[in-house]
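Notes for the one structure printed next.
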Amino acid sequence: MIGRLADRAFSLAEWLLVLALGAMVIMVFGNVVLRYAFDSGITVSDELSRLLFVWLTFLGAVVVLRQGGHLGFDLVTNALPKAGRRLCRIVSNLLMLLCCGVFLWGAWTQAAMNMGNLAPVSGVPLGWTYAAAVVAGAGLGLVALADLAAALAGREPPARDMEGEAGA
């Protein structure tokens, strides 16, 4: 049940990424057309596109981690026996959790400090930009925690389809 809930949450995140990218394309393209064809523009589109880009990057990092799409170097771990691969996976997830904790703490501090600072054109609190890092830190940590639990339970990581990827 938790797995299905996680699948739905990540499906929703993917749709949010699609919507954010679509909105960015429309705003930027529309602004370019307005500037060059009509010598005008929508000033707020620059700020909103920047905000969406930050969210797109951080939320995308969480989705890609869950799909196993981040770059990795597995030459050494593939040469190890099953117990060695499991130990490396556990240590790796523990280090990721530590990094996510530090990242989350710093992002939370920045988001809280910048909620009172407003973007000059849109008036959106700049803390919302840093909130993307808070969501990413929590999401990356949850993905690492789920993989750590699977490794401790002795389950192998899901097989990744490497077809069509550069360097695969």
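The values are calculated or read from the model by the stated rules, or taken from the named source; none is laboratory data. Just so you know, these numbers come straight off a predicted model, no measurement behind them. Positions of Cβ are backbone-derived with ideal geometry, glycine not excepted, and every protein chain shown enters the neighbour counts. Quick note on the areas: whole protein, heavy atoms, side chains included, nothing else; ligands and nucleic acids left out. Shrake-Rupley method; radii C 1.70, N 1.55, O 1.52, S 1.80 Å.
Consider segment 121-149 and keep the residues that are without any contact (Cβ under 8 Å) to a residue 12 or more places away in the chain and farther than 19 Å from His70 by Cα. The one that is surrounded by the fewest Cβ atoms within 10 Å (Cβ to Cβ) is Gly123.
Evaluate the following for Gly84: is it free of Cβ contacts under 8 Å to residues at least 60 places away in the same chain, of a type outside the set (Ser, Thr, Tyr) and either touching a Phe, Trp or Tyr at 6+ places or on another chain (Cβ under 7 Å) or buried (at least 16 other Cβ atoms within 10 Å of the Cβ) (or both)?
Numbers: free of Cβ contacts under 8 Å to residues at least 60 places away in the same chain: yes; of a type outside the set (Ser, Thr, Tyr): yes; either touching a Phe, Trp or Tyr at 6+ places or on another chain (Cβ under 7 Å) or buried (at least 16 other Cβ atoms within 10 Å of the Cβ) (or both): no.
Against the criterion (free of Cβ contacts under 8 Å to residues at least 60 places away in the same chain, of a type outside the set (Ser, Thr, Tyr) and either touching a Phe, Trp or Tyr at 6+ places or on another chain (Cβ under 7 Å) or buried (at least 16 other Cβ atoms within 10 Å of the Cβ) (or both)), Gly84 does not qualify.
So for segment 71-83 (the condition being part of a loop (DSSP other than H, G, I, E, B) and of a type in the set (Gly, Ala, Ser)), does at least one residue qualify?
Kept after step one, since they are part of a loop (DSSP other than H, G, I, E, B), are these residues of segment 71-83: 71-74, 80-81.
If we keep only those that are of a type in the set (Gly, Ala, Ser) too, we end up with 72.
Yes, segment 71-83 contains a residue that is part of a loop (DSSP other than H, G, I, E, B) and of a type in the set (Gly, Ala, Ser).
Where residues in segment 110-120 are surrounded by fewer than 20 Cβ atoms within 10 Å (Cβ to Cβ) and among the aliphatic types (A, V, I, L, M), which of them is nearest to Gly68 (Cα to Cα)? Step through it out loud before you land on a result.
Here is the first cut: in segment 110-120, the ones surrounded by fewer than 20 Cβ atoms within 10 Å (Cβ to Cβ) are 110, 112-120.
Adding the requirement that they be among the aliphatic types (A, V, I, L, M) leaves 112-113, 115, 118-119.
Working: Ala112: 31, Met113: 33, Met115: 33, Leu118: 36, Ala119: 35 Å.
Checked segment 110-120; the qualifying residue nearest to Gly68 (Cα to Cα) is Ala112.
Close Cβ contacts (under 7 Å, 6 or more residues apart or on different chains) running from residues in segment 14-28 that are among the hydrophobic types (A, V, I, L, M, F, W, C) to residues that are part of a helix (DSSP H, G or I) and open to solvent by 80 Å² or more (accessible area, probe 1.4 Å) comprise Met24/Phe53.
Condition check ((1) outside any helix (DSSP H, G or I); (2) out of contact with any strand residue (DSSP E or B) (no Cβ under 9 Å at 6 or more places or on another chain); (3) over 25 Å from Leu97 (Cβ atoms); (4) open to solvent by less than 50 Å² (accessible area, probe 1.4 Å)) across all residues:
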{"site": "Arg4", "(1), (2), (3), (4)": "no, yes, no, no"}
{"site": "Ala13", "(1), (2), (3), (4)": "no, yes, no, yes"}
{"site": "Ile26", "(1), (2), (3), (4)": "no, yes, yes, no"}
{"site": "Val32", "(1), (2), (3), (4)": "no, yes, yes, no"}
{"site": "Tyr36", "(1), (2), (3), (4)": "no, yes, yes, no"}
{"site": "Ser45", "(1), (2), (3), (4)": "no, yes, yes, yes"}
{"site": "Ser49", "(1), (2), (3), (4)": "no, yes, yes, yes"}
{"site": "Gly60", "(1), (2), (3), (4)": "no, yes, no, yes"}
